[in-house]
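To start, the structure under review is shown below, and the notes come after it.
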Amino acid sequence: MSELDGAQLRISAGWTRPAPELVAEFARFQVANLGDAMERLGICDSGISPIWAGAKFVGTALPILTTAGDNAAIIKAQEFIQPGDVVMVNGAGDLGRALIGDNLVQRFAARGAAGAVVDGCVRDRDTIENLGFPVFARGVTPAGPFKNGPGVIGEDVAIGGVVFHPGDIVCADSDGIIVIPPARAREVLDAVLAVVAREEALDAEVAAATFS
Ligand SMILES: O=C([O-])CC(=O)C(=O)O
Ligand SMILES: [Mg+2]
């Protein structure tokens, strides 16, 4: 008997992922600069933050919808992780129970996941930090999850007030998380170069004391 027996889970597997080389191009940019290159939109609300200082990733969204306090869909979703995926969980923003901890994180990492984002809580923060696996969440609590379902894997979800489609490019750093539709990837990579150039010009003004 599996611990998930009886859990109502809907699964839509088989979405298209952008080329890893394209996703990797985003790693050298700050999320704030990417946001400025994208109308300053598509950014998760500030209630979701890294659970350890310095956590960051780029990857593609594996969206999961759970009900508050229940991680049956996340446990099942491990089967669908491909290298570079980000486990993106709509946990109903619930602050009462942790949906992932070091056990699941080790399994995500073993399958090559790039990170995890939980619109809800997580636990085992110190161990996750020692593992070096980037996790972003709304909070941390020692209270463990139930495993009854229901849940949905591989369909659009809202996380931090932003819609993530399966296979969307996701970038996260100390400032927060942004979603980039793959169809816009090239355009955003071009636009962010102009943002970076402008930031460098502003820095140069300060260095030269020519700012007003
Ligand atoms: O108990 C759970 O399912 C969550 C957890 O702590 C872990 O993944 O380590
Ligand atoms: Mg645990």
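The values are calculated or read from the model by the stated rules, or taken from the named source; none is laboratory data. Values in this document were obtained by computation on a predicted structure and should not be read as measured data. For neighbour counting, all protein chains shown are included, and Cβ atoms are generated from backbone atoms with ideal geometry for every residue, glycine included.
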So residue 124, is it acidic (Asp, Glu), under 20 Å from residue 25 (Cα atoms) and over 16 Å from the mean Cα position of the chain (by Cα)
no
Go through segment 34-145 and tell me which helices (runs of 4 or more DSSP H), entirely inside it, have 3 or more residues that are modelled with pLDDT of 95 or more, within 21 Å of residue 168 (Cβ to Cβ) and within 16 Å of ligand 1 (Cβ to nearest atom).
72-77
Number of the exception - residue 188 against (1) in a helix (DSSP H, G or I); (2) within 14 Å of the chain's Cα centre (by Cα); (3) not small (Gly, Ala, Ser):
(2)
Restricting the search to segment 25-57, which residues are surrounded by fewer than 14 Cβ atoms within 10 Å (Cβ to Cβ) and under 17 Å from residue 135 (Cα atoms)?
27, 46, 53, 54
Quick test for you: out of 166, 150, pick the one residue that is touching an Asp or Glu at 6+ places or on another chain (Cβ under 9 Å), surrounded by fewer than 19 Cβ atoms within 10 Å (Cβ to Cβ) and closer than 23 Å to residue 9 by Cβ.
150
Kindly provide the set of residues from segment 1-24 that are surrounded by 13 or more Cβ atoms within 10 Å (Cβ to Cβ), not in a helix (DSSP H, G or I) and not hydroxyl-bearing (Ser, Thr, Tyr), ordered by number.
4, 7, 9, 10, 11, 15, 17, 18
Kindly provide the set of residues from segment 5-62 that are aromatic (Phe, Trp, Tyr) and under 17 Å from residue 190 (Cβ atoms), ordered by number.
26, 29
